[in-house]
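Step one of this worksheet: look at the structure below.
Just so it is clear, none of the values below were taken in a lab; they were calculated from the coordinates. Predicted model only: the values in this text are computed from it and were never measured. FYI the Cβ positions are ideal-geometry reconstructions off the backbone, even for glycines, and counts take in every protein chain you see.
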Amino acid sequence: MIYSIGYERTTIEEITRIMKEHNIDTLIDVRSRPYSRRPDKYEFNKNRLTARFHDRYLWRGNQLGGLPGPATEEGIAFLTREESAGNILILMCLENNPRNCHRYQDIGVRLLKSGIDVVHIHDGIEEKTSEIIKEALL
């Protein structure tokens, strides 16, 4: 299972709670640059996430980041392998709304083609990539 979340409107405590509630094994940071420039979000800098989650935090922005272009095939293959092995992952970036983020626009859509329907958590709701696509087509 793969989830996604943006930290724009949440806290590290809330993400920790969501990880526990969903039995998430690993937080995968998919930001190209693993730090926040916002003073109120410094807790989301790579060094602080590593200190908090230890080996449950993994920065993969070099393969899965949205800048300068789409995620690499190697990055998508990594997620597919991890999910197939039964690992529960959560992809994290800044944007709250997945419609405005490469977690949905790139990664989620590409994983759906492989049969993995990412669950995007935002604003107290959970919606799958397939549901967002269906809504966009209406």
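Data overview
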| quantity | calculated |
| --- | --- |
| Spatially close lysines, pair count over the chain: Cα under 25 Å, gap of eight or more or interchain | 5 |
| Charge dipole of the chain about the Cα centre (unit charges at C-beta), most positive-ward option of Ala85, Gly61, Gly108 | Gly61 |
| 222 nm mean residue ellipticity, helices alone, for the chain (DSSP H n ≥ 4; -39,500 (n - 2.57); rounded to 500) | -9500 deg cm²/dmol |
| Cα-centre dipole for segment 40-138 with unit charges at Cβ (Lys and Arg positive, Asp and Glu negative), debye to 20 | 240 debye |
| Spin-label zone in segment 1-42 - amide nitrogen under 14 Å from a point set 7 Å from the Cα of Arg48 along the C-beta vector | 7-16, 34-42 |
